[in-house]
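The values are calculated or read from the model by the stated rules, or taken from the named source; none is laboratory data. Given the structure is predicted, the values throughout are model-derived calculations rather than measurements. Note that we place each Cβ from the backbone using ideal geometry, even for glycine, and neighbour counts take in every protein chain shown.
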Amino acid sequence: MSKATPNMKQIGVGIIGCGGIALQNHLPGLALCPEAKLVALCDTDPKVLERAASQTGVKATFADYRQLMERDDLNAVIIATPNVIHASIALAAIAAGKHVLCEKPIAMNHKESLAMLNAAEKADVRHMTAFTYRFVPAMRYMAHLVKGGLIGEPYHFRSCRLQDWGTRALGWRQVAKMAGTGELGDMLSHRIDYAHMLAGPMRRLVADDRRFHDVRDGQVSDLEDWVTILSEFVSHGATGVLESSKVATGHGEGARSEDYCEVDGTEGSLVFQLARPWTLKTAKKGETSFRTVEVPEEFLKSPGSPRDARAGDPLITFRYDQAFEFIQAIVNQRPCVPSFAEGAQAQAVMDAAVQSIREKRWVEIA
Ligand SMILES: NC(=O)c1ccc[n+]([C@@H]2O[C@H](COP(=O)([O-])OP(=O)(O)OC[C@H]3O[C@@H](n4cnc5c(N)ncnc54)[C@H](O)[C@@H]3O)[C@@H](O)[C@H]2O)c1
C-alpha cells in the first residue's frame with residue numbers, strides 16, 4: 001500500500017489551479033464522492049484563490065503548491081494549472097507520496113510525460129489523465145461495443161472537432177511557452193485518446209497546422225488555431241483522419257458544437273456526436289444507412305457512481321464521473337483509467353505531429 005493510502009476512510013484532496021476547469025468539473029465531481037474531502041486549495045492568483053475558498057469553505061489556501069504538499073491530511077492532488085507547470089507539480093506531488101489526477105495534456109512533451117508515469121509507478125501512487133470525454137455515456141458505450149467486436153477490424157478512424165472561438169483572447173492557451181501547443185493539445189489531445197481507445201496505437205502520421213490570428217483581442221498569439229493529423233494505425237494499417245479547429249465559423253463553442261467521431265470496420269460502423277451523449281449511430285456490413293441506438297441505462301454513468309444519471313444537463317454531468325474514477329481507484333488500490341500511460345501515449349502522438357509539421361514529412365511514432 002502506498003503511503004498516500006493509510007487505511008483511509010476519507011481521502012483528503014487538494015486542488016492546484018482553481019480556475020475554469022477546477023470549478024466546472026473537479027469541484028462538483030469531488031462533491032459526489034462520499035470518500036473524498038477537499039482539504040486544501042492552491043492558486044497563484046489571489047482573486048481566483050479567494051473565489052474558490054469562499055465557494056467551498058476550505059480554509060487551507062496556498063499560493064505555492066510546495067507548501068500545500070506538506071499537509072498530512074492531503075492524500076491526493078488534482079492539477080488544473082496551465083500545461084507548462086503540470087510536470088513539475090506532478091513530480092513534486094508524487095515525491096510527497098500523493099495520488100495525482102492531472103489535466104490534459106499532462107505535459108509539454110512525451111519525455112516529461114514518461115518521467116511522470118515512471119515516477120508515479122515507482123512511488124506506487126495512483127495516476128490519472130483528465131481525458132474527460134471518455135466519460136460521455138455514448139463514448140463509454142462505443143468503446144464497449146468496439147472492444148466486443150461489433151465493428152470487426154477497423155478500416156478507418158475519423159474525428160472532427162469544430163468550434164468557433166472567433167478572435168477572442170485565449171489567455172495562456174495562445175502562448176507557446178505556457179501551453180506547448182494550441183489546438184493540438186487543447187482539443188485534439190482528447191480525440192487522439194479516442195483514436196487509441198477505438199483503433200489502438202498509431203504507427204506513423206503526417207500533420208499540418210495553421211494560425212489564422214496572430215493577435216487575439218489585442219494579445220499576441222503564437223499558437224495554431226487549426227490542426228489536422230493523417231495517421232496509420234498499427235492494427236491492419238487502419239487509417240486515421242483527425243481535424244480540430246477554433247475558427248470554424250458558425251459552429252459555436254463548447255459541448256454543443258461539433259465533436260464527431262466515427263469508426264468504420266470490416267463488420268460495421270459506429271458514429272458518436274458529443275451533442276447527443278445518450279445515442280450512437282450504427283450500421284452493419286451490407287447496410288446502406290445508419291440507425292440510431294440508445295445508450296443502455298448501465299452506461300449512463302460510471303458503475304457504482306452515486307450520481308443520478310438523469311439529473312442535470314447530460315452534456316455537463318458526465319464530467320463528474322472523472323473524479324469518481326480517481327477516488328475509486330485510490331479506495332480500491334487499482335490503476336486509474338485513463339492513467340498517465342494513456343496521457344503519455346497521446347503525448348507521443350502530439351510530439352510526432354509537432355515534428356511532422358516542422359519537417360513537413362511523415363513521422364514514425366515513438
Ligand atoms: N479535461 C478537460 O475537458 C479540460 C477542459 C478545460 C481545461 N482543461 C485543462 O485544465 C488546465 C487548466 O485549464 P483552465 O481552463 O482551468 O485554465 P484557467 O486559466 O481557467 O485556470 C488555471 C489556473 O491555474 C492557476 N495557476 C497558474 N500557475 C499556477 C501555479 N504555478 N500554481 C498554482 N496555480 C497556478 C491560474 O492562476 C489559474 O487560476 C489546462 O491544462 C487545460 O488544458 C481540461
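The requirement of being within 12 Å of the ligand (Cβ to nearest atom), modelled with pLDDT of 95 or more and either assigned to a helix (DSSP H, G or I) or within 20 Å of GLY343 (Cβ to Cβ) (or both) is not satisfied by MET139. Taken together, LEU27, LEU91, LEU68 contain a single residue that is buried (at least 18 other Cβ atoms within 10 Å of the Cβ), closer than 30 Å to HIS110 by Cβ and not hydroxyl-bearing (Ser, Thr, Tyr), which is LEU68. Taken together, the criteria place LYS3 among residues that are surrounded by fewer than 24 Cβ atoms within 10 Å (Cβ to Cβ) and either at pLDDT 95 or above or more than 15 Å from the ligand (Cβ to nearest atom) (or both). If only one of ILE79, ILE89 is closer than 25 Å to PHE318 by Cα, in contact (Cβ under 8 Å) with a residue 40 or more places away in the chain and within 11 Å of the ligand (Cβ to nearest atom), which one is it? Unique residue meeting the criteria: ILE79.
Per the listing THR266, THR249, THR228, the residue uniquely closer than 16 Å to ALA353 by Cβ, at pLDDT 95 or above and not charged (D, E, K, R) is THR228.
Just checking, which of ASP225, ASP209, ASP193 is surrounded by 20 or more Cβ atoms within 10 Å (Cβ to Cβ), in contact with a Pro (Cβ under 8 Å, 6 or more places away or on another chain) and either in contact (Cβ under 8 Å) with a residue 24 or more places away in the chain or among the hydroxyl-bearing types (Ser, Thr, Tyr) (or both)? Can you show your working first?
Details: ASP225 fails: in contact with a Pro (Cβ under 8 Å, 6 or more places away or on another chain); ASP209 fails: in contact with a Pro (Cβ under 8 Å, 6 or more places away or on another chain).
Among ASP225, ASP209, ASP193, only ASP193 is surrounded by 20 or more Cβ atoms within 10 Å (Cβ to Cβ), in contact with a Pro (Cβ under 8 Å, 6 or more places away or on another chain) and either in contact (Cβ under 8 Å) with a residue 24 or more places away in the chain or among the hydroxyl-bearing types (Ser, Thr, Tyr) (or both).
Figure legend. Inter-residue proximity from the range 150-179: first residues more than 30 Å from GLY265 (Cβ to Cβ), second residues among the basic types (Lys, Arg), beta-carbon distance below 7 Å, spacing 6+ or different chains. Indicated pairs: TRP165/LYS246; THR167/ARG216; ARG168/ARG216; ALA169/ARG216; LEU170/ARG216; GLN174/ARG216; ALA179/ARG173. Given the criteria at pLDDT 95 or above and either touching a Phe, Trp or Tyr at 6+ places or on another chain (Cβ under 9 Å) or among the hydrophobic types (A, V, I, L, M, F, W, C) (or both), does SER339 qualify? When the stated conditions are applied, SER339 does not pass them. May I ask you to verify whether LEU41 is in contact with a Phe, Trp or Tyr (Cβ under 9 Å, 6 or more places away or on another chain) and either closer than 15 Å to HIS99 by Cβ or at pLDDT below 95 (or both)? No; evaluated as a whole, the condition is false for this residue. Scanning the range 114-131 for residues that are more than 13 Å from the ligand (Cβ to nearest atom) and among the small types (Gly, Ala, Ser) returns ALA115, ALA119, ALA120, ALA123. The residue pairs whose first member lies in the range 10-28 and is under 24 Å from ASN332 (Cα atoms) and more than 8 Å from the ligand (Cβ to nearest atom), whose second member is assigned to a helix (DSSP H, G or I) and of a type in the set (Gly, Ala, Ser), and whose beta carbons are closer than 9 Å, counting only pairs six or more residues apart or on different chains, are VAL13/ALA323; GLY14/ALA93; ILE15/ALA22; ILE15/ALA52; HIS26/ALA323; LEU27/ALA52; LEU27/ALA323; PRO28/ALA323.
Give me the residue from the range 236-262 that is more than 30 Å from GLY166 (Cα to Cα) and not polar (S, T, N, Q) and, out of that set, nearest to the chain's Cα centre (by Cα).
Applying the first criterion (more than 30 Å from GLY166 (Cα to Cα)) to the range 236-262 yields 236-239.
Adding the requirement that they be not polar (S, T, N, Q) leaves 236-238.
On the way: HIS236: 27, GLY237: 26, ALA238: 24 Å.
For the range 236-262, the residue satisfying everything is ALA238.
Residues in the range 175-230 that are within 15 Å of the ligand (Cβ to nearest atom), small (Gly, Ala, Ser) and over 27 Å from GLU262 (Cα atoms): ALA176, ALA179, GLY180. Filtering ILE78, ILE11 for residues that are buried (at least 17 other Cβ atoms within 10 Å of the Cβ), in contact with a strand residue (DSSP E or B) (Cβ under 6 Å, 6 or more places away or on another chain) and under 24 Å from TYR133 (Cβ atoms) leaves a single hit, ILE78.
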